[in-house]
Amino acid sequence: MKRTTLLATLFAATALAGCTSINGGNPTTGATQPPATQTSDTGSTGSPAARLNLDKVKGNPCDLLTAAQVSALGNVDVKTKTSSTGPVCTWEGKSLLDDSTYEVRIAADQTFENQLANSRSAAVFSEKTIDGVRTFSRDSTDASRSCLTIIEAGDKGTVGAAVDVAKNKLSTQKPCTESEKLAATVIGNLRG
């Protein structure tokens, strides 16, 4: 299975179905995850998520990373497409063994709350706040290779950040930790 197909499957599972710090944490299964606590500023004016302006990138998720940030991803090819949920940018690793693949999707018309509710039953599920913005990470299997982190971006928008870790990097890079790092970069760039 191609890695871009694997990442697309992660996003599709979240769309159809509707780790505490950036530097670590172990994914937990949905069966052991406690119910989320609702916050009063979700998507409200002035909340950190409301300040993430998707108009800044004019629908081009490739603009969510700088050239230096893309270079830091490693040996990748950039590919774009449009999915049923919106525009997609993939930085596909050139070597299946040595180069991880990264993907960012903009979903301007999907609410964070709907995606969150539809993802709670995923095999791996974890909610956390990254730089003051609500996110959740999920994988439909065991997150041993891939993980998707959804970022709340305003009242009706989200950004998804997914990573498929190269086989030779699995001993040092954990998929949900990597997708959360990518999400943190996207959040910083949307604010910057």
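The values are calculated or read from the model by the stated rules, or taken from the named source; none is laboratory data. In this text, all values refer to a predicted model and were calculated from it rather than measured experimentally. All Cβ positions, glycine included, derive from the backbone under ideal geometry; neighbour counts span all protein chains shown. Just the protein is used for accessible areas: all its heavy atoms, side chains included, with ligands, DNA and RNA removed. Shrake-Rupley method; radii C 1.70, N 1.55, O 1.52, S 1.80 Å.
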Cα gyration tensor category, rounded, prolate or oblate, for the range 104-192 with a/c compared to 1.5: oblate
Spatial extent of the range 37-192: Rg and Dmax, with the Cα atoms as the point set, Å: 14.8, 45
Straight-distance crosslink candidates among lysines, where the alpha carbon sits under 21 Å from Lys58 and sequence neighbours closer than 8 are dropped: Lys79, Lys81, Lys156
Farthest positive-ward along the range 127-182 dipole, Cα basis, beta-carbon charges - from Ser140, Ala153, Ala166: Ala166
Accessible heavy-atom area order of Arg51, Arg134, highest first, probe of 1.4 Å: Arg51, Arg134
By accessible area with a 1.4 Å probe, ligands and nucleic acids excluded, highest first: order of Asp99, Asp142: Asp142, Asp99
Listed residues Val165, Val78 arranged by accessible area, highest first, probe 1.4 Å: Val78, Val165
Karplus-derived 3J(HN,Hα), 6.51/-1.76/1.60, for each residue of the range 117-133, Hz, glycine and proline x: 4, 7, 9, 4, 8, 4, 4, 10, 8, 8, 9, 7, 9, 10, 6, x, 10
Percent breakdown of C-alpha pair distances by 5 Å bin, ordered from the shortest bin, for the range 46-108: 4, 17, 24, 21, 17, 11, 5, 2, 0
